[in-house]
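Right, one structure below, let's go through it.
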Amino acid sequence: MSERSAIDDQPAQGASGITPPAPVQESALVNAIADKPDSSATDGEFKTVGEYRCQNPYLVAENVDVHYGSNHAIKNVSLEIGKKEVIALIGPSGCGKSTFLRCLNRMNDSIESAVVSGDIRLDGEDIYSKSLDPVVLRARVGIVFQKPNPFPKSIYDNVAYGPRIHGLAADRAELDEIVHSSLERAGLLEEVKDRLDDPGTGLSGGQQQRLCIARTIAINPEVILMDEPCSALDPIATAKVEDLMDQLAQEYSIVIVTHSMQQAARVSRRVAYFHLGHLIEVNDTDTVFTNPEHKLTEDYITGRIG
Amino acid sequence: MQNTSLLIILIGMTAFAYFAGRSRSLAIVGGPARTTRLHSLPGYYGYFTAIWCLLPALGLLLAWILLEPRVIAALTVQGLSDTQRSMSAGELNLLLNNIQNLALGDAISGTADESLQAAADRFTQLTKQSRQLLAVLVFGLSGLAAFFAWRRIHPDFRARNSVENITRLLLLAASTIAIFTTVGIVLSVLFEALRFFQKVPATEFLFGLNWSPQTAIRADQVGSSGSFGAVPLFTGTLLITAVAMVFATPVGLLTAIYLSEYASKTVRSVAKPLLEILAGIPTVVYGFFAALTVAPWIRNTGEAAGLSVSSESALAAGLVMGIMIIPLVSSLSDDAINAVPTAMRDGALGLGSTRSETMRKVILPAALPGIVGGILLAVSRAIGETMIVVMAAGLAANLTANPFEAVTTVTVQIVTLLVGDQEFDSAKTLAAFALGLMLFVVTLLLNVLGLYVVRKYREQYD
Ligand SMILES: Nc1ncnc2c1ncn2[C@@H]1O[C@H](COP(=O)(O)OP(=O)(O)OP(=O)(O)O)[C@@H](O)[C@H]1O
Ligand SMILES: [Mg+2]
């Protein structure tokens, strides 16, 4: 694990004309901003602008680097994710959003060439430490993928899969209850309650995605990672999933990767902008979309890149 | 002119035709800058000309090579004296052979008298003329066809479509060769088998419990009239196949699971080629191994345990056959497992499953149809396997389910029926075809079923 950057390493706030965003901050922490840095920001001493910390951190990544063989996909990224917070990761294709997301519950373990370094802590516990079982971690940090991937089993079994392997239900009645409430919360119950024994793969794309969400919340994770959960969905299904996220945010922390600014604006409280493996800017959603601090962020949200 | 030099010149002409066609198409529209006025890319006009230059001439050449010997032989025979021409077909053949050998300067039987020498000269002369004629015709046809094709080039001429059509026909021709061969084999086996069933009733063959196909060769010989109940062969085949599959299925499947999901890259890169070597060992070598190593070992172990084991046991043959089939089972299961999308794997892992839970609850169920299909293919391979059983399982047609006894299989009996002296239309020889037909039908069904299952399962994720 690499050394951590001390809080005090943060340079003091620059004399910029732009008012820094107003996320709740500890007074000791101030932002690193000068005039909007231009796109020539170099790899070396790159610093995230905005505020990567948050008030009530639950999942904390510090100085994370990811290499796929010789490809340096994530470059010294630090980001804090608060309790019951929705944070959106945005950025052009290939900038490492999915890679970063997959670090957070060690899904990168199954990619042979991926090497992750840095500190990632869940509730203060290093998730890459030897003593931590990734299987337990993934039950605490659930993930929903870009492409719906229901198992070739019945709808019921899809949702019951997690509770079964984790032994969450004592008997059939309890399992039924978990399955129903998960489907209910995912907004799918009405549509499928009469055909729980039909294969999950027979549902429409949007229904499948909500099934995958139901499957994830059935194991009651503390954090839910969502990698472009709506990219295959129509606007109606998207709206349903977004509603669901609003609800879920009352209990869970949610990290969502999205290519839709509107979606990021609708669902998230904070936004992190990635560019070529760097975390360029983290700020309040409003700030990012109305008054981004970094030139690259501005270019991206105004449609000049990506 | 020799066929090879003919062919080389023809290829040269084809290349020339390609460039001629291509440049004509360009010249017609007025230079490479204006190729958009052509219906097809200039290359297609080249191919079109080249195909017409090559194919008809090639067809002629092939037909000529096939027919030439017969025509020349017929012409040579015409030049022979009447007495010689009235000889029996066999003698005439012999004579022709002699003439040919004399002409080519090989050793001949008998003495080379004057008439023979004359005939040989005539033969040489005819061959030479034929060659010359062939060269003229081939080059003439090639040039002429290419010329007409070249003349047809025109900006509106759909060269691409013509070339595509010709390509399609060529591919069709290639695939029909395989199909016709298969049909031919099936028909020949079928007809011989029908002849067998005229001598021995099909019911006796299919349900008879006694197999001893020895028949008397000469009428005055003492010998049994043979009995052709094939049930012991079927059960023997089944027994050995069962032993092989009981051994190969779990081992192969577990190997596939290990290699595809657990093994590190290095292990995989070593183990996979090793398995492929196992698949590449000739079955004769497996046969040695079964007969010389495994069978004695099984017998000794069995006797030490107080069992009576014959020295040629179904167990030995089955085990070694199982070893032979492991690579087949494992590579097909490996394919099936790898065909399960990574998304499925990620989904299971993302819900906090362990590797083995992922394997058992998600990947294996999803891959099961593919695995079953692979196993069916392996069974059909085991049923058709001959060499190992010939060497290790013996020839005794015992009707038994005891793997420690010697049994024999359908394939082994086919081999033994066809080696040795027999009249070709005796029931004994023909029985081989009936057995072959049975074998063919069973393996065909298994293959069709296996492929169907495999394919059906593939579609699920595409
Ligand atoms: N399994 C992998 N093996 C090797 N390189 C990978 C792998 N996955 C991603 N990469 C590389 O890592 C970089 C970041 O990829 P990532 O998938 O994280 O991008 P992304 O931001 O999610 O893009 P998108 O918006 O298109 O999904 C890319 O350069 C990509 O080529
Ligand atoms: Mg991605």
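Points to keep in mind about this one:
- Qualifying positions in the range B:21-64 - among the aliphatic types (A, V, I, L, M), open to solvent by 40 Å² or more (accessible area, probe 1.4 Å) and farther than 20 Å from residue B:142 by Cβ: B:27, B:28, B:33, B:41
- So residue B:395, is it open to solvent by 50 Å² or more (accessible area, probe 1.4 Å), aliphatic (A, V, I, L, M) and within 16 Å of residue B:232 (Cα to Cα): yes
- The requirement of being open to solvent by 60 Å² or more (accessible area, probe 1.4 Å), acidic (Asp, Glu) and part of a loop (DSSP other than H, G, I, E, B) is fulfilled somewhere in the range B:112-134, by at least one residue.
- If you check A:124, A:118 for being open to solvent by 50 Å² or more (accessible area, probe 1.4 Å) and more than 8 Å from chain B (Cβ to nearest Cβ), only one passes: A:124.
- Count - residues of the range A:66-107 that are away from ligand 1 (no atom under 12 Å from the Cβ), more than 14 Å from chain B (Cβ to nearest Cβ) and open to solvent by 30 Å² or more (accessible area, probe 1.4 Å): 3
- Residue in the range A:223-236 that is over 22 Å from residue B:343 (Cα atoms), acidic (Asp, Glu) and more than 14 Å from chain B (Cβ to nearest Cβ) present: no
- Condition met for residue A:155 (touching a strand residue (DSSP E or B) at 6+ places or on another chain (Cβ under 8 Å), away from ligand 1 (no atom under 16 Å from the Cβ), within 14 Å of chain B (Cβ to nearest Cβ) and open to solvent by less than 30 Å² (accessible area, probe 1.4 Å)): no
- Taking the conditions (1) within 14 Å of chain B (Cβ to nearest Cβ); (2) in a helix (DSSP H, G or I) in turn, residue A:177 satisfies each one other than (1).
- For the range A:164-205, the set of residues classified as open to solvent by less than 20 Å² (accessible area, probe 1.4 Å), under 22 Å from residue A:249 (Cβ atoms) and touching a residue at least 40 places away in the same chain (Cβ under 8 Å) consists of A:186 only.
- Total residues in the range B:26-42, condition in a helix (DSSP H, G or I) and over 15 Å from residue B:152 (Cα atoms): 6
- Apart from one condition, residue A:208 fits all of (1) at pLDDT 90 or above; (2) surrounded by fewer than 24 Cβ atoms within 10 Å (Cβ to Cβ); (3) closer than 25 Å to residue A:59 by Cα; the exception is (3).
- The one condition in (1) in contact (Cβ under 8 Å) with a residue 40 or more places away in the chain; (2) closer than 24 Å to residue B:173 by Cβ that residue B:63 fails to fulfil: (1)
- The helices (runs of 4 or more DSSP H) found wholly in the range B:198-316 and carrying at least 3 residues that are in contact with a Ser or Thr (Cβ under 9 Å, 6 or more places away or on another chain) and within 30 Å of residue B:426 (Cβ to Cβ) occupy B:231-257.
- Considered as a group, the residues in the range A:46-97 that are of a type in the set (Ser, Thr, Tyr) and within 16 Å of ligand 2 (Cβ to nearest atom) include one that is farthest from residue A:301 (Cα to Cα), and that residue is A:68.
The values are calculated or read from the model by the stated rules, or taken from the named source; none is laboratory data. Please read all numbers here as calculations on a predicted model, not as lab measurements. Backbone-built Cβ (ideal geometry, glycine too); neighbour counts: all protein chains shown. For accessibility, only protein heavy atoms count, side chains too; no ligands or nucleic acids. Shrake-Rupley method; radii C 1.70, N 1.55, O 1.52, S 1.80 Å.
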